[in-house]
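The values are calculated or read from the model by the stated rules, or taken from the named source; none is laboratory data. A quick note: this is a predicted structure, and the numbers were derived from the prediction, not measured. Cβ sites come from the backbone with ideal geometry, for glycine too, and all protein chains shown count toward neighbours.
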Amino acid sequence: MSHYTAQILWQRKGQDFTGNRYSRRHLIRFDGGVEIAGSSSPHVVPPPQSDPAAVDPEELFVASLSNCHMLWFLSIAAKRGFCVDSYTDTAEGTMERNAAGKMAMTTVTLRPQAIFSGEKLPTREQLGELHHRAHEECFIANSVTTDVRCEPQD
């Protein structure tokens, strides 16, 4: 069993809380010491109460799925003898009402593009298998009910 932590720090700083005119900007601190600015999504809470420049929970969710998929992809590719030079993913999440009528991230689409080098290059079929296996192993994808799709880019 492993445990992971993140610390969320927010302060009112004299703003009108009960009037709902307070900033949603906060600090997200991870156990390794990295800190990022967090906020509610500007799609949910309009600026200036949200900060479009900060990371919102929905973006973190999409990034978490993309990040986990990439790490598994790289690990599996290395074990199979394929040399990956670069990996890019422009992932996208869709927020809408789910079957229960609740707002939810219903679909996350990963659009990974891997560049390989060396004498051993994966065929299109092998590339698809690498992504399929990465998806099957991804701890985050295994933890959610969201439809996580992978559309590898050439």
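Does Ala63 satisfy the criteria of being in contact with an Asp or Glu (Cβ under 9 Å, 6 or more places away or on another chain) and closer than 29 Å to Arg133 by Cβ? No: the conditions fail for Ala63.
Hey, does the stretch 4-22 have a residue that's exposed (fewer than 12 other Cβ atoms within 10 Å of the Cβ), hydroxyl-bearing (Ser, Thr, Tyr) and closer than 17 Å to Leu60 by Cβ? Within the stretch 4-22 (the criterion being exposed (fewer than 12 other Cβ atoms within 10 Å of the Cβ), hydroxyl-bearing (Ser, Thr, Tyr) and closer than 17 Å to Leu60 by Cβ), the answer is yes, since at least one residue qualifies.
Restricting Val44, Val34, Val55 to those that are among the β-branched types (Val, Ile, Thr), under 25 Å from Cys138 (Cβ atoms) and over 14 Å from the mean Cα position of the chain (by Cα) reduces the list to Val34.
Out of the stretch 23-40, which residues are among the polar types (S, T, N, Q) and farther than 11 Å from Asp56 by Cβ? Reasoning before the result, please.
Pass one, the stretch 23-40, residues among the polar types (S, T, N, Q): 23, 39-40.
Once the filter is applied, which keeps residues that are among the polar types (S, T, N, Q) and farther than 11 Å from Asp56 by Cβ, the stretch 23-40 yields only Ser23.
Being outside any helix (DSSP H, G or I) and touching a Gly at 6+ places or on another chain (Cβ under 7 Å) is a property that Ile28 has. Tell me, please, whether a residue that is surrounded by fewer than 13 Cβ atoms within 10 Å (Cβ to Cβ), more than 25 Å from Thr5 (Cα to Cα), more than 15 Å from the chain's Cα centre (by Cα) and outside the structural domain of Phe17 (by TED's automatic domain parsing) can be found in the stretch 59-79. Yes, that holds for at least one residue.
Name the residue, out of Cys138, Cys83, that is over 24 Å from Arg24 (Cα atoms), touching a residue at least 60 places away in the same chain (Cβ under 8 Å) and surrounded by 12 or more Cβ atoms within 10 Å (Cβ to Cβ).
Numbers: Cys83 fails: touching a residue at least 60 places away in the same chain (Cβ under 8 Å).
Within the list Cys138, Cys83, the selection yields Cys138.
Residues in the stretch 6-17: is at least one assigned to a loop (DSSP other than H, G, I, E, B) and in contact with a Leu (Cβ under 8 Å, 6 or more places away or on another chain)? First the steps, then the outcome.
The initial filter retains those residues of the stretch 6-17 that are assigned to a loop (DSSP other than H, G, I, E, B), namely 10-15, 17.
Remaining after also requiring in contact with a Leu (Cβ under 8 Å, 6 or more places away or on another chain): 10.
Yes, the stretch 6-17 contains a residue that is assigned to a loop (DSSP other than H, G, I, E, B) and in contact with a Leu (Cβ under 8 Å, 6 or more places away or on another chain).
Screening the stretch 74-131 for residues that are part of a helix (DSSP H, G or I) and basic (Lys, Arg) and picking the one that is nearest to Val148 (Cα to Cα) gives Arg124.
Taking into account only those residues within the stretch 132-149 that are in contact with a helix residue (DSSP H, G or I) (Cβ under 7 Å, 6 or more places away or on another chain) and assigned to a helix (DSSP H, G or I), which is nearest to Val84 (Cα to Cα)?
The first filter runs over the stretch 132-149 and keeps only residues in contact with a helix residue (DSSP H, G or I) (Cβ under 7 Å, 6 or more places away or on another chain), leaving 133-135, 137-141, 148.
If we keep only those that are assigned to a helix (DSSP H, G or I) as well, we get 133-135, 137, 141.
Details: Arg133: 16, Ala134: 14, His135: 17, Glu137: 19, Ala141: 22 Å.
Only one residue fits best here, namely Ala134.
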